[in-house]
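Q: Sharing a structure with you now.
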Amino acid sequence: MPTTYQFFNIENLSISFGGLMAVDKVGFVVEQGSIFSIIGPNGAGKTTIFNCISGLYRPDSGKINFSGEDIIGLKPHTIARLGIARTFQNIELFSRMTTMENLMLGRHIHMKTGIWSGATFYRRGSRAAQDEIKHREHVEEIIDLLDLQAARNQFVGGLPYGTQKLIELGRALALEPKLLLLDEPSAGMNSEEKQDLIFWIKDIQDELGVTILLIEHDMKLIMDISDRILAINFGKPIMEGTPAEVQKHPEVLKAYLGED
Amino acid sequence: MDMKRDYYEDIQLLDSRILWFWFIMLVASLAIFPFLAPNYYIYMANYMAIHVIVTVGLNILVGYTGQISLGHAGFFAIGAYGTVLSMTALHLPFPIALLAGAFIAAFFGFILGLPALRLEGPYLAIATLGFGMAITQVIGRWQVFGGRMGIEAPDLSIGSYILESDRQLYFLIVTVAFLLTLAARNLMKTRVGRAFIAIRDSDIAAETMGVNLTFYKTLAFAVSAFYAGIAGGLMAFLLGFINPSSFNFILSIYFLAFVIVGGLGSIFGSIMGGVFMTWLMLTLDKVQELPYLGSILITFSERWMNLTGLPNIASIIFGLIVVLLVVFEPLGLYGFWIRTKIYWKTWPF
Ligand SMILES: Nc1ncnc2c1ncn2[C@@H]1O[C@H](COP(=O)(O)OP(=O)(O)OP(=O)(O)O)[C@@H](O)[C@H]1O
Ligand SMILES: [Mg+2]
């Protein structure tokens, strides 16, 4: 029986918290290189799906396949090493680090410095110093790409919300993910910042070839950049399709776009 | 801005001539000090250097990784006994014995790090406290460790060079403290230290970015215990004699106070914390020698407190200073330093 190779797919994913089905038999396929969005009202279970993918929650049942491997049960750091990076709805930055250092943590899995070489470097040519220099150069490119130079050496804790969101995006990019999970990246941004964000997300898709899973409440943004959209409510899938199809679906209109 | 950046500057210790100047001045004064200072102050400097080692190590765990330990006197004891017994029972030369003691402490640190994967805050505090107390109990009851009577430190020699006086010890202890402080500073600037700090600031972000929490949390405990172990090994020779009561759990609390007073998450703060608090400790120990005030304090203490007398006053003053410092400068001595620096930069405007 020939199995078709799939980049990323979820089958029958379910998880409940104390009787509440937060995610109820959700499944979808994400094409490599595409932007796949998940929409749904507050509490629909979107973030919970992300938490299952990144290994923070263990689902009750279902499968999550990434590059032909079921990743359920793997530790979050192992999943990161496979090439899945994410941002968080409620910012999870390292607040007492600078922007540069936050992004450098994104290079963690690519760097080699261990405890001995890290503790004993003493000149430019030392192994740890070379490692730092090389990866700082890489991170600098991301800082330039996302226009974060002004925040480069600042502690991120005190920066504006929109900037922090971007730094999270930058940190995730620093990991060089194959699959990038963005949980409401535009929340708290003004329309100008959102415009830039759309531009960057498309850039990340086109130039870097990263596949993107996106959760968003901003319908214009969603319709603009998604290749496919999954709508869920109360943990259950309502419908999946192209932006044009989803926009027309009566239940989506009712559940989600009703107010407009 | 298309000027190419020098990334080495980001992690370099001394990136300007001025800093080089101060660094060389510091090394020179540390080298000259024991030839000018009276013996008591050399002894005090040794004490300070040992406490700096513990404080730096404990800060890696508490200030940088965001864990807690109320059991560091236990690692300190393991280092002390491990070093001494490696020399007397196994006849290892001192440098090897010191490392052996520290690695045994690090191993216990790793073991104690395992519950830290599940415990947080107050629960971890109690678990580590229990560990520290258990260690002194075990040592006190076991004859190999000299029991309650304790054991004497053997003669100390490095190669054919014998260290006897406090001045000779000074060069050993201060050099070790100096190197370990630099090592900690370097470590915190590079990949492993960044992983520690990341765990402190957001452990879920750290793990989803590929940081193995199990590995790095236990590593932080092991490294921290290693520092305490080295410090303990040196302390055995400074005191010349060790027994379980040199390592009781109050000492663990003192260590934590050193870290907090110095400034959480600052290596420089740890140096200040270790130096200042040791000075305070040793000075308060001899508070009765102060003219006039000394005898007043003795009378007061005997009249109004229990029979232990003067240590009452010493503890009260010590505690008061710690409380005032923490209340008025949560960043500790490091916070004072930063403010002073800013003040002098803008002076006289
Ligand atoms: N760790 C948890 N423990 C208990 N309940 C949880 C947990 N995580 C999520 N839930 C519940 O699961 C449901 C789905 O939450 P989730 O955060 O996935 O929603 P969401 O679609 O991301 O909503 P929003 O748009 O507000 O971010 C909610 O009812 C939430 O309270
Ligand atoms: Mg959510």
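Q: Name the residues in the stretch A:1-18 that are in contact with a strand residue (DSSP E or B) (Cβ under 8 Å, 6 or more places away or on another chain) and either more than 14 Å from A:Ile232 (Cβ to Cβ) or loosely packed, with under 15 Cβ neighbours inside 10 Å (or both), would you?
A: The initial filter retains those residues of the stretch A:1-18 that are in contact with a strand residue (DSSP E or B) (Cβ under 8 Å, 6 or more places away or on another chain), namely A:6-16.
Correct list: A:Gln6, A:Phe7, A:Phe8, A:Asn9, A:Glu11, A:Asn12, A:Ser16.
Q: Let me ask you something else. Cβ-Cβ distance below 9 Å, separation of 6 or more or different chains: which pairs start in the stretch A:36-65 with a residue that is within 14 Å of another protein chain (Cβ to nearest Cβ) and more than 9 Å from ligand 2 (Cβ to nearest atom) and end on one that is open to solvent by 40 Å² or more (accessible area, probe 1.4 Å) and assigned to a helix (DSSP H, G or I)?
A: Every condition considered, the pairs that remain are A:Ser54/B:Ile204; A:Gly55/A:Thr78; A:Leu56/B:Ile204.
Q: Need at least 3 residues that are open to solvent by 10 Å² or more (accessible area, probe 1.4 Å) per element, so show me which helices (runs of 4 or more DSSP H) inside the stretch A:88-157 make the cut, counting only ones lying wholly within it.
A: Numbers: elements: A:99-105, A:115-120, A:127-145.
In the stretch A:88-157, A:115-120, A:127-145 are the helices (runs of 4 or more DSSP H) which contain 3 or more residues that are open to solvent by 10 Å² or more (accessible area, probe 1.4 Å).
Q: Give the stretch B:173-193 a look and list any residue that's more than 9 Å from chain A (Cβ to nearest Cβ) and either of a type in the set (Val, Ile, Thr) or in contact with a strand residue (DSSP E or B) (Cβ under 7 Å, 6 or more places away or on another chain) (or both), or say none.
A: B:Ile173, B:Val174, B:Thr175, B:Val176, B:Thr181
Q: Related question: Quick one: which helices (runs of 4 or more DSSP H) lie wholly within the stretch B:183-263 and hold at least 1 residues that are in contact with a His (Cβ under 8 Å, 6 or more places away or on another chain) and under 14 Å from B:Phe75 (Cβ atoms)? Let's see the steps before the verdict.
A: Working: elements: B:191-201, B:203-208, B:213-239, B:249-262.
Those helices (runs of 4 or more DSSP H) span B:213-239, B:249-262.
Yes or no, residue by residue, for (1) within 16 Å of ligand 2 (Cβ to nearest atom); (2) open to solvent by less than 50 Å² (accessible area, probe 1.4 Å); (3) touching a residue at least 24 places away in the same chain (Cβ under 8 Å):
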position	(1), (2), (3)
A:Lys178	no, no, yes
A:Ile198	no, yes, yes
A:Gly241	no, yes, no
A:Lys254	no, no, no
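Q: Here's something else I'd like to know. Could you please tell me which pairs satisfy a Cβ distance under 7 Å, a separation of 6+ or placement on different chains, a first residue in the stretch A:79-90 that is free of Cβ contacts under 8 Å to residues at least 40 places away in the same chain, and a second residue that is of a type outside the set (Ser, Thr, Tyr) and assigned to a helix (DSSP H, G or I)?
A: Listed by first residue and then by second, the contacts come to A:Arg81/A:Ile109.
Q: While we're on this one: Determine, yes or no, whether B:Phe196 is among the aromatic types (Phe, Trp, Tyr) and either surrounded by fewer than 24 Cβ atoms within 10 Å (Cβ to Cβ) or within 12 Å of another protein chain (Cβ to nearest Cβ) (or both). Full working, then the answer.
A: On the way: among the aromatic types (Phe, Trp, Tyr): yes; either surrounded by fewer than 24 Cβ atoms within 10 Å (Cβ to Cβ) or within 12 Å of another protein chain (Cβ to nearest Cβ) (or both): yes.
Criteria met by B:Phe196.
Q: Can you pull out the residues in the stretch A:19-60 that are within 16 Å of ligand 1 (Cβ to nearest atom), open to solvent by 30 Å² or more (accessible area, probe 1.4 Å) and not in a loop (DSSP other than H, G, I, E, B)?
A: Our first condition is that a residue be within 16 Å of ligand 1 (Cβ to nearest atom); within the stretch A:19-60, this holds for A:19-26, A:28, A:36-60.
Restricting the remaining residues to those that are open to solvent by 30 Å² or more (accessible area, probe 1.4 Å) gives A:19-21, A:25, A:41-43, A:47, A:56-58, A:60.
Selection gives A:Leu20, A:Met21, A:Lys25, A:Thr47.
Q: Might you let me know whether the stretch B:3-17 holds any residue that is out of contact with any Ser or Thr (no Cβ under 9 Å at 6 or more places or on another chain), part of a loop (DSSP other than H, G, I, E, B) and open to solvent by less than 30 Å² (accessible area, probe 1.4 Å)?
A: yes
Q: Being in contact with a helix residue (DSSP H, G or I) (Cβ under 6 Å, 6 or more places away or on another chain), within 16 Å of ligand 2 (Cβ to nearest atom) and small (Gly, Ala, Ser) narrows it down to one of A:Gly188, A:Gly118, so name that one.
A: A:Gly188
Q: Of everything in the stretch B:62-83, what is under 14 Å from B:Val223 (Cα atoms), in a helix (DSSP H, G or I) and of a type outside the set (A, V, I, L, M)? Give them in sequence order.
A: Selection gives B:Gly63, B:Tyr64, B:His72, B:Phe75, B:Phe76, B:Gly79.
The values are calculated or read from the model by the stated rules, or taken from the named source; none is laboratory data. In this text, all values refer to a predicted model and were calculated from it rather than measured experimentally. Virtual Cβ from ideal backbone geometry, glycine too; neighbours counted across all protein chains shown. The area values use the complete protein model at the heavy-atom level, side chains included, leaving out ligands, DNA and RNA. Shrake-Rupley method; radii C 1.70, N 1.55, O 1.52, S 1.80 Å.
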